[in-house]
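Read the figures in this text as sums done on the coordinates, not as results from a lab. None of these values were measured; they are calculated from a predicted model. Positions of Cβ are backbone-derived with ideal geometry, glycine not excepted, and every protein chain shown enters the neighbour counts.
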Amino acid sequence: MDESKKMTSLIMIFGATGDLAKRKLFPSLYRLFDKGRLSDQFAVVGVARRPLSNEEFQNSVKDSVVSSLGKDEKIDEFASHFYYHSHDVTNSSSYQTLKSLANDLDEHYGLQGNRMFYLAMAPEFFGTIALHLKSDGLTEVKGYKRLVIEKPFGHDLPSAKKLNEQIRTAFSEEEIYRIDHYLGKEMVRNIEVIRFANAIFEPLWNNRYIANIQITSSETLGVEERGRYYENSGALRDMVQNHMLQMVALLAMEPPISLKTEDVRSEKVRVFRSIRNIQGEEVNNYFVRGQYGEGVVENEKLPAYRDEPMVDKESNTETFVAAKIMIDNFRWAGVPFYIRTGKRMATKTTKIVVQFKDIPMNLYYQRELNPNLLVVHIQPEEGITLHLNAKKAGVHLDAYEEKLSFANTGVNAMNTPEGYEKLLYDCMRGDATNFTHWDEVAYSWNFVDKISAAWTQSKADYPNYESGSMGPKAADELLKKDGFSWWHVDELDVIDLCK
Ligand code: NAP
């Protein structure tokens, strides 16, 4: 697929005055415009309830781009493509006005009838919007029509199914782009390249050579202002059902026969089908839940989750999950994939550590050998570290751990596109590879629903980890009983040759 094509489209953003639009979508569209990936034939219609003039809307777009990127060379030209339509999405009467605006802009900018509908709003509105887009004729276009949907895609399998049925009345599966913004991250996309473009990894990428794989996605922040949302979600639905399981699928999938969307997605679906389902009392052997209590970080006393705004004082919501995921197929039988994710943890990091099996015998018995590790640093730093054993200069033949690192810094980092930028561009190009197919969503909810069903049966003993720690002790025990422990690998430590 052409990576440099200029895109022509009408982009309709529902929820255009919201946080996501301001922090992610406008800056990402600006970067595409700045790099010449959006042609002059594009227009954006922002939809939300509050009354705003086009000029006020354009000013808010400019503000968000400048505060996020600090750029303004082409900002006036960019913002002139933005239009605002004040509209309550539950009100049937104003979709016709929206349709006229869309048709006028189509003609004015020569948009070839291409339309992207981006739903950056609370999920309860997704079904209503999709139904109206069809019934009011906004999807009757001669170009493409695509629906971009933010997470969460449902709250559980039944609600996800219902939502899917609603949006499928207006859009085919090929026209639905379910966002998982982790799939836009540079190093998440790099997983398949590391695996499938290196002769030294793929032959070892199985249960004969890999002891376990660990995926950590930790945040130092608490729930902030999102208490109301988080109370109904928790870490399991907010992180595990989507981002964490997507990373597992990319690490575990078989090499696809090509990089075409359907080939990659069908391999990922096969992983989801192979994940061992856990339910009932067994859940305790595979999953650990946690909720943060108070803590002191850098002399600041941090509140417990239950004392955060809009959180129940008796809340049973988990802010931390650790799990052992088993993939029951030929390649992975017996290899645990450990995942952990949580809020108010000691560090903000997303990392994958692949631990290779020990060599059969240690000739350098003076020292215990470290296993080889392949670390994929996803954020905040981007890169790869390979932990090897090698001799130190000198007379002794001891083996010491050495690290080979590669970092996406310097020139590369300046050009590293933000996840949303890549995903918006992919959607305009019609490349759905890095969006989730319905089958992936359905299998992952099916897996996660059994865990939440078990957890709702009993009240957890919360809080069970201190703010500023790496989670509950039980998360360490989970690995210890298999003879492993979480790797506390350093941040990338490389000389940046570009500086
Ligand atoms: P938000 O800040 O609360 O924004 C919601 C938007 O919806 C506002 O523009 C609001 O504008 C509009 N709105 C609400 N009710 C409406 C109605 N009846 N008719 C028309 N417009 C209406 O939410 P957000 O943080 O941007 O999140 C949007 C979606 O993205 C959610 O599904 C969220 O889960 C997902 N998401 C967000 C982030 C993030 O970083 N923020 C990350 C991942 C996923 P008015 O009040 O003017 O109507």
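Between amide H atoms placed 1.01 Å from N, distances below 5 Å from residue 295 occur with 302, 467, all of them 5 or more places distant or on a separate chain. For the chain, pairs of C-alpha atoms spaced more than 39 angstrom apart make up 28 percent of the total.
For a straight C-alpha distance cut-off of 12 angstrom, the aspartates and glutamates reachable from residue 162 (same-chain residues fewer than eight places away being disregarded) are 124. Structure note, pairs 24/473; 392/481; 301/459; 268/357: Cα-Cα distances above 32 angstrom occur for 24/473; 392/481. Among residues other than residue 220 with Cβ under 11 Å from its Cβ, the summed charge is +1 (Lys and Arg +1, Asp and Glu -1).
What percent does the relative contact order of the range 1-128 come to when contacts are Cα pairs within less than 8 Å and at least six residues apart?
38 percent
Using helices alone, I'd like the mean residue ellipticity at 222 nm for the chain: each DSSP H run of four-plus residues gives -39500 (n - 2.57), total over residue count, nearest 500. Before the final figure, lay out each step's value.
Working: 15 runs with 153 residues, N = 499.
Estimated from H runs of four or more residues: -9000 deg cm²/dmol.
Over all projection directions, the Cα-based convex hull of the range 437-483 averages an area of 5.4 nm².
Give the shape of the range 372-482 as rounded, prolate or oblate, defined through the alpha-carbon gyration tensor: a ≥ b ≥ c are the square roots of its eigenvalues, a/c under 1.5 means rounded, and otherwise the shape is prolate if a/b is larger than b/c and oblate if not.
Cα axes put the range 372-482 in the oblate bin.
This ranking places 448, 141 by how few other beta-carbon atoms lie within 10 Å of each, fewest first, which gives 141, 448. Within the shell defined by Cβ-Cβ distances under 14 Å, the residues around residue 262 carry a net charge of -3, with Lys and Arg each +1 and Asp and Glu each -1.
The Cα center of the range 444-493 and the Cα center of the range 132-150 differ in position by 42 Å.
Can you classify the range 162-300 as rounded, prolate or oblate using the Cα gyration tensor, where a ≥ b ≥ c are the square roots of its eigenvalues, rounded means a/c under 1.5, and otherwise it's prolate if a/b beats b/c and oblate if not? Oblate shape, in that a/c is at least 1.5 and b/c is the bigger or equal ratio.
Distant-in-sequence amide contacts of residue 211, defined by a placed amide H-H separation under 5 Å and a gap of 5 or more residues or a different chain, comprise 355, 356, 357. Given +1 at the Cβ of Lys and Arg, -1 at the Cβ of Asp and Glu and no other charges, the dipole of the chain around its Cα centre is 780 debye to the nearest 20. Exposure proxy ranking for 85, 377, based on other Cβ atoms within 10 angstrom of each Cβ and starting from the fewest, stands as 85, 377.
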